[in-house]
Structure formats: structure tokens, C-alpha cells
Amino acid sequence: MEHVSFLPLSRFAVCGGTHGNEMSGVYMVREMQRQKADRTGSVSVTSVLSNPPAVDACRRYMETDLNRCFTDALLSGPTTDDTPYELRRGRELNAQLGPKGSREAVDLLCDIHNTTANMAVCLIFYSFDWIALHIYKYIQSKMTSAPVRALCLNEPPSEAYSLESVGKHGIAIEVGPQPTGVVRADIFNMVKEAVDLTIEWLQKFNSGSTFEGGEVEAYTPVGSVDYPRDPTTGEITAAIHPQLQDNDFKVLRPGDPVFQLFSGETVKHEGDDLYPLFVNECAYYEKKVAFKLTKKITVTLPSVGVKKD
Amino acid sequence: MSSYGSSVRVAEASRVAIFGGTHGNEMSGVTLVNLWVKNSAEIQRKRVETKPFITNPKAVEKCSRYVDTDLNRAFTPENLRYTRHTAGNVSAPAGDELPYEVQRAQEINRIFGPKGSPEAYDVVFDLHNTTSNMGCTLILESSKDHFNLQMMNYIKKAIAPASCLVLLNEHPLLKYSTSRSVAKHPVGLEVGPQPQGVLRSNIFEAMRVILKHALDFIELFNEGMEFPTCTVEVFRVLDRIDYPRDANGNIIAMVHPNLQDCDWEPLNPGDPMFQSFDGKTIRYQGLGTVFPTFINEAAYYEKQQAFVTTRREALVASAIRKV
């Protein structure tokens, strides 16, 4: 069976408050800084509050979504007086934790997010990163407090737009449901458990453990669906149907209800059997997404271990 | 209002308003009122003029709770009285411009008030959502408003076995000047849990049904129906409990998992109340059992409120009939 070796993963960064109103990450980073956590065994830990003014204002962002600022093109653009705050901040974070794609970048970057959707713990990463997938496998096997799933995004590194792509390996830890501006203890405890298990995995990895390969289930994006809207005004004319609401990761079949118009009629899913995610995520109303659609895949992982020389 | 004989006589409730968007990110009310502004057929009743109204359009536009200051705290006598000629102790930002919500409060008071006068609207329903697990809650501002008590009793019976509880906030220090307070009979309608900026179908439909029953009550009342005396269970606000904070005012603990989502359930001395970020439990130290609500409401972090405590009371509503 295939085995892949990696250099030690000794530099770990945890980011929170990339969206200033997603509170688990804000309080996680504040607590890590209060405890002055900077090293656990072989792993040095950096904690960063990504978007301080948005955190202070308890808003998702000040001028533009920070978590869309990390494509190669946006990172390398010119900085002028007109550059929006988040673009400038993205470049600062890239200098501090990256640069993206270079040898100086942190080995693993975990960015903590919350969603109003009922997604429990969802780890998000780009393409088939064996390290990220093994950490997912490990967390899923150890966490009993909530389901753990993985969303594998398709973009190539240059087009990867989110903060975790700055690290050599990156995982966004998305936990919900939690309203914006609220910190729920049960959700915080899940985030803490996921971060602690990640650090535990890194230490085991660095100390020479081999993590066996195998099969894991994951989801990959296929598309998204907007709300029904009034053709003249663009205003939303329906709510997510009660049978879809809170049923992230439950298969949608043709004919299943997806929207309930305010006038009472039902709109149904057409097309293939797919898995909905980010169902009724509040930040996506402005992005014209009522829910995202994914397909379920099985990924075969090689075993991994640290390079021994 | 005569209280001799068997019924209290109350004036016909001919002018009614439904306020949405008092907080611009509480989506059920925004959506319902926008629907009814376009087509008000659903809210028409004989002998009642019902006006749907967006109270804070700029906040709705931004999908934020408010622009300058909380509209639902802005209807104080000082704010409503303030003009350039009576500067008093209201401070206006540079340029002599009042905060947007204070201007709105004055405008709303002109249209639906003046607050406390005979010209004021009879009933105003103010639609709100909360991130707390409060279910359907009617908010009462006076234990002596027999019309409102009778309406709330009617609504509770109409939606049974589904639940609709009554929160009474008459506390001299904790009560506040709401937008609905311009009316003779102010009714707050709070439905949760729903995140800010999100529209949940079940929450939206629940609010819609409650308003239907409320308007049915008003129609029956205006037609001359007498409502016999009844007892209404209410939860009376006692106190407000803040999060534990450090010397810099930062929150150092979260609502405990055992208390989270347990609105209206008894909280006994010794029960877990908060969990610090490093995992320790902080327990409720009160003298007796209370019934907490507004547990972990997003908007109340800045108002120093993790939850409010209440006690259960049975209020007797006099029989009422229209004048």
C-alpha cells in the first residue's frame, strides 16, 4: 500500500475572527492568548485574531469579505489608499503566516468559523491534501459529541481564496448551528475538542507515528441554489422549506421540497440526488445562495508519516 | 373606562398597527410587514383599520439591529419632546443632527401617537425575533391592561396545544421605552430561536398565526363580544444577570450547556449557569427558584445581559366589553 512521507509539521497557526461575528473562533483565540499557549511538545502554536476591527464591531467584515482575499492575484496586487481594509489585512496575514506557497509558510493553518446552518463539525480544505484528510479521519474517529464531515474544495492553489490556503496545509473548521454574535458553550466545546485533537495528531505525527491509510467519505461542491426572487424587485419570495431546514448532509432527491413560497406553494428539487450544505446560512443571502449542493465521494488515503532520515 | 358592574368598558380598537423591522435584522417581522404593505388582504378585518409599517427602514436596508441607537429604547419622554429649541440634556452629534433612531421615534410618535394622548393608536403589535429559545412570547408592559390580558388569553387558547407564553416587564429599572409604547395597548411579539439575518419558515409561520388570532380577537371585541373574567399566567421580570467579565469588561464565561436553550424552565440555586472558557462551572447563587428567559440573546451582550430572571404569576383579567 502507498505510503507518503512529509517533513515534520512543527508550526501550527489557529485563526479566529476572520468573520468578526463568528464567535467561537474569537473566544478560542482570546483564550489561547490569555493562556499564553505557544508550544505543545513538538508543535509551536500561534493564535491570531484575523479581523480585529470586524470583531470589535461584531460584523462579518468592514468593507469586503476577508475570507475571499487570498487568491494569488489578490495577495500580490498593489496596495493604495483606496485598497479596502480586508485586502490590506489579508496581505498582512499572508506576510505573517505565509507567504502562501513558500517554504516560510506555517505547516498547518486552522481557521475557525461558525455557520447558522446545522452542519455540526465540518472540516473544509482544498483538493486532496493527505495531511488534512488524515487529521479529518483522526478527529472523526475520536469526537463523539457531534458528527464530523469533510468538504473538499476544487480550486487549484492559485485560485484558493480563503485564509487557510496560506499555510502549507490548511483546514477551515466550520461549526454550527450558531447565530452570529452569539457564543454557545456546546459549539465552543466542539471547536476546542477539534483543535486539541489536531494538536494531538501533529504531535503523534512528529514523534514518528504512522497513520494507516483507508477510505473516508467526503463531499465536493457541485453548485448552489438561490432563493426564489421577485423578477422586478429581486426580493426573496420564499423561505427554506421546513423539510430542508436543519437537514444539511441529508440527501435531496428529485421531488423533495426545498422552498416554501410566502404564498404557500412548495418548490421542489430537480436534478440528481445531491447533498445540501450551508442551508440557510445568513451570510449567503447577499451572495445569492440559499444552500450549496455537493456530491458524496469516497477518498482512498495512503498511510502517512514523518520523513525519517 | 368604567369599572362598575360586571365588565370593564374599553374603547373600540379601531386603529391598529403592525410594526416590523424595529430591529432591522429580525427577519420575520420585516418579511411579514413587507408582504402586507404590498397586499394587506390577510390582515383586513371588519371595523378595524390595520396598518403594517416598517419602523426602521435604514436598519432593514443594512440588515443591522440599528444605525445609531436602539430604536426600541428610543421612545423616552426626553427624546419625544426634544427639538432644537428645547436642547435639555439630550446630546446631538456634531451638526445638530439627532441620532437617526431618535428622529424615527419622533416621526413614529407623530403618526401613531402622540404617546399618552387620546389620539394615539389603539393597538400596536411590534414584531421581534430572538436568538433565545423562547418559542412564541407575548410581551406585556402593564399588569393593569385588561384589554391586552384578554387578548393574550384569547391567543393562548386559540393556538393550544402549541404554546405562547406571556412575559410581563413592569420592572421600574428594567422596563424600557419601546416603539409600541406610543399606543394605548402595546403588544410585543417575540419569536425564537432565529439567528439575526435569517428567515426560518417555522418561525415566520408561527408569528403569522399569532397575528391572525390577535386580529380575530380585535374584530370580535369591536363587534361587541363580551370577554368574561379570566386568569392569565404571566412571567414577571425580576432581574437581569450579566456574563462574568474580567477587569477590562471582556466576557470570561459562556451560558452553561445545561442552561442554554432552557428558557422558561426552573433555575434552582446551585444549578450550572455559566461555563468559563477553560471549562469551569459557575453556579446560580440566587435565594430561590427563578424562570430564566432571553437566554443568550445576541443583542444583549452589549447591554450586559446573559439572561433575565422571572417569576410566575397568575393575573386576573377583568371582564371587558367595548364602550
| note | Over segment B:194-253, the set of residues surrounded by 15 or more Cβ atoms within 10 Å (Cβ to Cβ) and among the small types (G, A, S) is B:G197, B:S201, B:A206, B:A214, B:A253
| Tell me, which residue of segment A:105-120 that is hydrophobic (A, V, I, L, M, F, W, C) and in a loop (DSSP other than H, G, I, E, B) is nearest to the other protein chains (Cβ to nearest Cβ)? | A:A117
| request: Look through segment A:51-81, keep the residues that are among the small types (G, A, S) and within 18 Å of B:G197 (Cα to Cα), and return whichever of them is surrounded by the most Cβ atoms within 10 Å (Cβ to Cβ). | output: A:A54
| note | Among strands (runs of 3 or more DSSP E) entirely inside segment A:1-95, those with 1 or more residues being touching an Asp or Glu at 6+ places or on another chain (Cβ under 7 Å) and of a type in the set (A, V, I, L, M, F, W, C) are A:11-16, A:43-49
| request: Report whether or not A:E155 is in a loop (DSSP other than H, G, I, E, B), more than 30 Å from B:S64 (Cα to Cα), away from chain B (no Cβ under 14 Å) and under 18 Å from the mean Cα position of the chain (by Cα). | output: yes
| said: Condition first: in a helix (DSSP H, G or I) and more than 14 Å from chain A (Cβ to nearest Cβ). Can you find one or more residues in segment B:182-199 that meet it? | reply: yes
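Taking the options A:P147, A:P156, name whichever one is surrounded by fewer than 22 Cβ atoms within 10 Å (Cβ to Cβ), in contact (Cβ under 8 Å) with a residue 24 or more places away in the chain and within 24 Å of A:L7 (Cβ to Cβ).
On inspection, the qualifying residue turns out to be A:P156.
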| query | Limited to segment A:275-299, what total is found for residues that are assigned to a strand (DSSP E or B), of a type outside the set (V, I, T) and closer than 26 Å to B:Q194 by Cα? | reply | 6
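One line per residue, one yes/no per condition, for (1) touching a Gly at 6+ places or on another chain (Cβ under 9 Å); (2) of a type in the set (S, T, Y); (3) within 30 Å of A:T210 (Cβ to Cβ); (4) in contact (Cβ under 8 Å) with a residue 12 or more places away in the chain:
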{"position": "A:G255", "(1), (2), (3), (4)": "no, no, no, yes"}
{"position": "A:E270", "(1), (2), (3), (4)": "yes, no, no, yes"}
{"position": "A:D273", "(1), (2), (3), (4)": "no, no, no, yes"}
{"position": "A:C282", "(1), (2), (3), (4)": "yes, no, no, yes"}
{"position": "A:K288", "(1), (2), (3), (4)": "no, no, no, yes"}
{"position": "A:I297", "(1), (2), (3), (4)": "no, no, yes, yes"}
{"position": "A:P302", "(1), (2), (3), (4)": "yes, no, yes, yes"}
| note | For segment B:110-134, pairs from a residue that is over 30 Å from B:V255 (Cβ atoms) to a residue that is assigned to a loop (DSSP other than H, G, I, E, B) and of a type in the set (S, T, Y), with Cβ under 8 Å and 6 or more apart or across chains, are B:F112/B:Y121; B:G113/B:Y121; B:D122/B:S14
| task | Considering only segment A:241-256, state which residues are in contact with a helix residue (DSSP H, G or I) (Cβ under 8 Å, 6 or more places away or on another chain) and not polar (S, T, N, Q). | result | A:H241, A:P242
| note | Reported set for segment B:283-295 where residues are modelled with pLDDT under 95 and either hydroxyl-bearing (S, T, Y) or surrounded by fewer than 14 Cβ atoms within 10 Å (Cβ to Cβ) (or both) is B:L287
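Tally the residues that are over 20 Å from the mean Cα position of the chain (by Cα) and either surrounded by 17 or more Cβ atoms within 10 Å (Cβ to Cβ) or more than 16 Å from B:V124 (Cβ to Cβ) (or both), restricting the search to segment B:46-64.
6
Let's see how each residue does on (1) part of a loop (DSSP other than H, G, I, E, B); (2) among the basic types (K, R); (3) out of contact with any Asp or Glu (no Cβ under 6 Å at 6 or more places or on another chain); (4) more than 14 Å from every other protein chain (Cβ to nearest Cβ):
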position: A:K204; (1), (2), (3), (4): no, yes, yes, yes
position: A:Y219; (1), (2), (3), (4): no, no, yes, yes
position: A:P231; (1), (2), (3), (4): yes, no, yes, yes
position: A:Q260; (1), (2), (3), (4): no, no, yes, no
position: A:S263; (1), (2), (3), (4): yes, no, yes, no
| note | The condition from (1) crowded, with 22+ Cβ neighbours inside 10 Å; (2) within 14 Å of another protein chain (Cβ to nearest Cβ) that B:K280 misses is numbered (1)
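The values are calculated or read from the model by the stated rules, or taken from the named source; none is laboratory data. Keep in mind that this is a model prediction, so the values were computed, not measured. Don't worry about glycine lacking a Cβ; one is built from the backbone with ideal geometry, like all the others, and counts go over all protein chains shown.
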